[in-house]
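The values are calculated or read from the model by the stated rules, or taken from the named source; none is laboratory data. These numbers were taken from a predicted model, which means no experiment stands behind them. Using ideal geometry, Cβ is built from the backbone for each residue, glycine included, and neighbour counts are taken over all protein chains shown.
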Amino acid sequence: MITRYVVIPFVLISVTPALASSVTFSDGTFGAFTVAATYESDATNTTSSITQCPTCGTGGTQGLQAQVTFGTAATGNPNNANSLPQATFAIAENLFVYNPSTQGGILSINASVNKDFSSTENSMGIGNSFRPFIEQGGNFYLAMISGPLLNGPGDTGYNTLSANGLTAADFVLFNFTTGVSGAGNPNFDGSQITFGLAQNFNLAAGTTNTADYDDLSITVNQTPLPAALPLFAGGLGALAALGWRRKRKNAAAIAA
């Protein structure tokens, strides 16, 4: 009787994560925008416009302008305690589309824009922010990146507002029917996402308020796959092939 010993090689598998990749969307002129959703607390006494303007960008270049004038009789949002008039817009960039289910999960988002904010309101410390937004499955999720406050009347001049490493928890569900935020965040491993920016005006009646934007950039940082996964799969394949070859060799020896 011949005893045969099969030696199975030890396969060392690295567990070092693979380098994460990223996808960047950028638009300096807002050439592919649409107004995806609007909330106005008092549409009867509010005049608003969202336009691609030829000279309102940085250095007199093409950009995007959101402007709202609240009439002297404009009223606030009945769904929250703030009695000031409110107008909120979701401005979608139709070329900023990413599908986590087919392109890979999202680890985080980097967002940046140049913004100039002005108001005729006579007030100190008027809030000014960049609100990147996500539309997913018919829902809208807004984040907030704070910029320099405005001491009105006047304007801030152009400032770059940006943040890196925004996670799903930074994007909060916003209801464009009621004009208030709710519970809920986007699914960074789920269905298709369209990116853009939202502009919220929540200022006194009788004021005109303008936000000019230029050079919007959104970077999707993809979730890295562990380097061990492809190596592990390759190791299993090699072991399976080795076992099959030795089985054939043993069968041939017995037949002989």
In the set ASP214, ASP170, the lone residue that is at pLDDT 95 or above, in contact with a strand residue (DSSP E or B) (Cβ under 6 Å, 6 or more places away or on another chain) and within 19 Å of ARG131 (Cβ to Cβ) is ASP214
Going through segment 144-157 one residue at a time, which ones are at positive phi and assigned to a loop (DSSP other than H, G, I, E, B)?
-> GLY157
Give segment 183-214 a look and list any residue that's aromatic (Phe, Trp, Tyr) and over 21 Å from THR102 (Cβ atoms), or say none.
-> PHE201, TYR213
Do we find that VAL113 is at pLDDT 95 or above, closer than 26 Å to ASP42 by Cα and either in contact with a Phe, Trp or Tyr (Cβ under 9 Å, 6 or more places away or on another chain) or buried (at least 16 other Cβ atoms within 10 Å of the Cβ) (or both) in this structure?
-> no
Run down ALA81, ALA73, ALA90 and say which single residue is at pLDDT 95 or above, loosely packed, with under 14 Cβ neighbours inside 10 Å and hydrophobic (A, V, I, L, M, F, W, C).
-> ALA73
So which pairs qualify, if the first residue must be in segment 68-93 and without any contact (Cβ under 8 Å) to a residue 12 or more places away in the chain, the second must be of a type outside the set (Lys, Arg), the Cβ gap must be under 8 Å, and the two must be at least 6 apart or on different chains?
-> SER83/THR75; SER83/GLY76
Pull up segment 143-169, narrow it to residues that are in contact with a Pro (Cβ under 9 Å, 6 or more places away or on another chain) and free of Cβ contacts under 8 Å to residues at least 40 places away in the same chain, then point me to the one that is surrounded by the most Cβ atoms within 10 Å (Cβ to Cβ).
-> ALA143
What do you reckon, is SER129 within 15 Å of ASN209 (Cβ to Cβ) and crowded, with 22+ Cβ neighbours inside 10 Å?
-> no
Can you name every residue in segment 188-198 that is crowded, with 17+ Cβ neighbours inside 10 Å and of a type outside the set (A, V, I, L, M)?
-> PHE188, THR194, PHE195, GLY196
